[in-house]
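Q: Let me begin by handing over the structure; questions about it come next.
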Amino acid sequence: MDYSSQTIASDDSTNISKPMKPFNTREVKDLLEHIVQETMDKQQIYEPEKCTQLSKDLSQIVKNAMKSLNYERYKYVTQVVIGECKDENMMMTCRCLWDLETDNYASYVYSNSDVFCAVTVFGLFYY
């Protein structure tokens with residue numbers, strides 16, 4: 001069956017094709033920088049048990065802060081990675097399918113001599 005010619009009827013008042021306020025990567029990155037620095041400055045050394053809980057807490061803090069930015073009809077995916085600095089490299093990669101016109105992401109990486117923290121927030125517009 002050919003679905004390309006089919007259309008879905010919808011009420012124009014609920015059919016939103018573009019966000020009123022697009023995801024602003026600069027604004028989100030500034031927010032991440034503030035939150036991560038404030039949180040990670042208290043964690044000067046890597047302690048696995050503490051960092052496990054800290055990554056969960058930090059993810060929740062970021063999620064709540066994102067709500068305050070009032071990006072209507074956006075859903076967020078937050079990724080927090082905390083690790084120990086030991087003169088080794090780390091590579092993080094992510095792939096997803098999204099709308100190039102509305103969806104975006106912002107990330108911030110914090111590092112001191114003993115610990116690093118990488119936080120990424122993906123903003124996905126919900127049609």
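Q: Among (1) surrounded by fewer than 16 Cβ atoms within 10 Å (Cβ to Cβ); (2) part of a loop (DSSP other than H, G, I, E, B); (3) not small (Gly, Ala, Ser), where does residue 102 come up short?
A: Status for residue 102: all satisfied but (1).
Q: Follow-up question, since we're still on this one. Only one of 81, 121 is touching a residue at least 24 places away in the same chain (Cβ under 8 Å) and over 12 Å from residue 32 (Cβ atoms); which?
A: After applying the criteria, what remains is 81.
Q: Working only within the range 79-98, note down all residues that are part of a loop (DSSP other than H, G, I, E, B), closer than 24 Å to residue 113 by Cβ and among the polar types (S, T, N, Q).
A: Matches in the range 79-98: 89 only.
Q: Another question, if that's okay. For the range 58-73, enumerate the residues that are assigned to a helix (DSSP H, G or I), surrounded by 13 or more Cβ atoms within 10 Å (Cβ to Cβ) and not hydrophobic (A, V, I, L, M, F, W, C).
A: 59, 63
Q: Moving on to the next point. When you scan the range 36-48, do you find a residue that is crowded, with 17+ Cβ neighbours inside 10 Å and either closer than 16 Å to residue 25 by Cα or of a type outside the set (S, T, N, Q) (or both), even just one?
A: Yes, the range 36-48 contains a residue that is crowded, with 17+ Cβ neighbours inside 10 Å and either closer than 16 Å to residue 25 by Cα or of a type outside the set (S, T, N, Q) (or both).
Q: So, residue 60, is that one polar (S, T, N, Q), out of contact with any Asp or Glu (no Cβ under 9 Å at 6 or more places or on another chain) and in contact (Cβ under 8 Å) with a residue 60 or more places away in the chain or not?
A: So residue 60 does not fit the description; no.
Every read-out reported here was derived from the displayed coordinates using simple, explicitly stated rules and does not represent laboratory data. Every value quoted in this text rests on a predicted model; they were computed, and no experiment measured them. In this analysis, Cβ positions are derived from the backbone assuming ideal geometry, glycine residues included, and neighbour counts consider all displayed protein chains.
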